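See below for the structure under consideration.
Just so it is clear, none of the values below were taken in a lab; they were calculated from the coordinates. Quick caveat, the model's predicted, so the values are computed rather than measured. Every residue, glycine as well, gets a Cβ built from its backbone with ideal geometry; the counts of neighbours run over all protein chains shown.
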Amino acid sequence: MDADDFTLLRAYTCEGSHVAFAALVQRYVNLVFSAARRQVRSHDLAQEATQLVFILLARKAGGLTARTPLAAWLYLVTRRTARDVLRGEARRAARERIAVELAAMKTNAPDWSTIESSLDDAMSKLSEADGSAVVLRFFENKSLREVGEALGISEDAAQ
């Protein structure tokens, strides 16, 4: 399909043409992936960011105009998305570190005087939502389903 970007976007938004959207993805996937890869410095995270960018394009395609250079729009969205993916990865890593530390505390009879300051320091670095999830899960021994319900999120998100 050799149509210009706006024609393809209009075919996707007005007619639901998945062929048109696939043509846009094929046209720009290398640009988006390489920009994401430079930002996140990880093949897997770049793939995640690339998928998210094209999901955003699918959602926002109707709001783009013929005067919007799609390559530039995708590049800007890729930069923001890559930054968000990195932040999410940092939060996930922090939660995993805390989980490992808490699991180690449960298996060993710890000397609480040495752990208290480390635990409070680690907890203070978490966002309010992540800290609440850790407290509910590990301090109150709630299931992931219960944590999700308490925080108004899915069980997967609570995990």
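Observations on the model:
- From most to least packed by mean Cβ count within 10 Å, the peptides 7-17, 56-66 give 7-17, 56-66.
- Inter-label distance for Arg67 and Ser143, nm, one decimal - labels placed 7 Å from Cα along Cα-to-Cβ: 5.6 nm
- Multiplying the residue separation of Ser118 and Arg41 by 0.36 nm and removing their Cα-Cα distance gives an extension gain of 24.7 nm.
- Estimated purely from DSSP H runs of n ≥ 4, each contributing -39500 (n - 2.57), the mean residue ellipticity at 222 nm for the chain is -25000 deg cm²/dmol once divided by its residues.
- Over all other residues within a Cβ to Cβ distance under 12 Å of Asp84, the charged ones net out to +3, with Lys and Arg as +1 and Asp and Glu as -1.
- Between the stretch 118-159 and the stretch 37-113, the alpha-carbon center distance in angstrom: 19 Å
- A convex hull fitted to the Cα coordinates of the stretch 41-97 yields 80 cubic angstrom per residue.
- When peptides 121-129, 72-80 are ranked by their average number of other Cβ atoms within 10 Å per residue, the highest-first order is 72-80, 121-129.
- Principal axis extents of the C-alpha atoms in the stretch 1-84 (largest first, rounded to whole Å): 36, 21, 19.
- Computed from the alpha carbon positions, the gyration tensor of the chain leads to an equivalent ellipsoid with semi-axes of 43, 17, 12 Å, biggest first.
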